[in-house]
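These notes concern the structure reproduced below.
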Amino acid sequence: MNINKKFPQKRVLITGAGSGLGRALALEFAEMHWNIAIAEINQERGQESAQLVNKAGGTGLYIHCDVTRPGDFVKALAMLQQTWGGIDILVNNAGVTAGGHMEKIPLEDWERIITINMKSLIYGCRAVIPEFKKRKSGYIVNVASSAGLICIPECISYNMTKAAVIAMSETLKAELSPDNIGVSVVCPTFFKTNLMDQFTSTDERQRKLAQRFFDKAGTSAQTVARHVLKSVAGGRFYIIAQMDGKFMWYMKRQFPEIFLKAASFIYRKGLYYRFLGIDPDEVQ
């Protein structure tokens, strides 16, 4: 599929596009001269992304959007209906990351991550689907994580919400197909981004470990963004950019019991410290 030919009006709305993967996606669309709505709660970052989009060859429009408020999606789409006549692609990208054991995570933290990582995608999809169905055209890209497929220890709230995004996307893939609406779900592993800015955890050790994983990542947000657009153009549903994510998902699907036993052994023996190249005492 050539997305420029399929969507000649070239209109996309990206949540959380003020930084990280959202901004990288916006800039990739800009190189194809798309109209890009930057739906972002942080005005400074959102306006900066819109300016970068304009410089890169696209048409950027900043829209203040709190993804935890369903009404903000409705307002944003109403504005875009007036400005561009609607949108062709929705990218549900906004999200936060967190660490902690289930019983130690405060209930307010559970509510926060469920609302941002899961409910916000419900709000976004509910807002665009009626118009997409009316036109018999449209595309939804939901940004999840390989954590939703692999479920690493001490990230239970993050794993659960991202797994829910994958389940929702799988359901929509079939459910929306009669109306010619495409769906993809993005499941990256660690890459260079600013997700640690809003990271929460039940102890400092988890923050240090998460930071080391991000520091060790060799993939850039731009690389992931380019893979996403290429995969969407190819009509792929599961979008996993990095080889480590592809390998772990393959192993889990082919040998689920062995995979879970191995994951438990690695965690129990603390072998991920060796992988990160650190002394366990450094993160106590």
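In the neighborhood of F259, defined by Cβ-to-Cβ distances under 11 Å, what is the net charge if each Lys or Arg adds +1 and each Asp or Glu adds -1?
Details: positive: K252, R253, K261; negative: E257.
Charge balance in the 11 Å sphere: +2.
Taking a straight line from the alpha carbon of K246, these lysines sit under 28 Å away, with near neighbours fewer than eight places off in the same chain left out: K119, K162, K173, K192, K208, K216, K230, K261, K269.
Rg over Rh for the chain works out to 0.97, both radii taken from alpha-carbon positions and Rh defined as the Kirkwood radius. A simple count of charges around A39, restricted to other residues whose Cβ falls under 11 Å of its Cβ and scoring Lys, Arg +1 and Asp, Glu -1, yields -2. Exposure proxy for L25, L61: other Cβ atoms within 10 Å of each Cβ, ordered fewest to most, give L61, L25.
Using the 10 angstrom Cβ neighbour count as an exposure proxy, how do L77, L13 rank, fewest first?
Working: L77 22, L13 29.
So the ranking, lowest neighbour count to highest, is L77, L13.
Taking the Cβ of A76 as the center, what net charge do the other residues with Cβ under 11 Å away carry, scoring Lys and Arg +1 and Asp and Glu -1?
On the way: positive: R69, K75; negative: E40, D66, D72.
That works out to -1.
Normalised by 2.2 N^0.38 Å, with N the number of residues, the alpha-carbon radius of gyration of the range 1-154 equals 1.07.
Who wins for biggest fluctuation among S19, S137, S177 in a Gaussian network model of the chain, springs between alpha carbons below 10 Å? Highest fluctuation of the listed residues: S177. Ordered by the number of other Cβ atoms lying within 10 Å of each residue's own Cβ, fewest first, F132, F73 fall into the sequence F132, F73. Given R0 = 35 Å, the distance between the Cβ atoms of E131 and L260 translates into a calculated FRET efficiency of 0.25.
Every number here is computed from the coordinates shown, using simple stated rules; none is lab data. In this text, all values refer to a predicted model and were calculated from it rather than measured experimentally. As a convention, Cβ positions derive from the backbone with ideal geometry for all residues, glycine included, and neighbour counts pool all protein chains shown.
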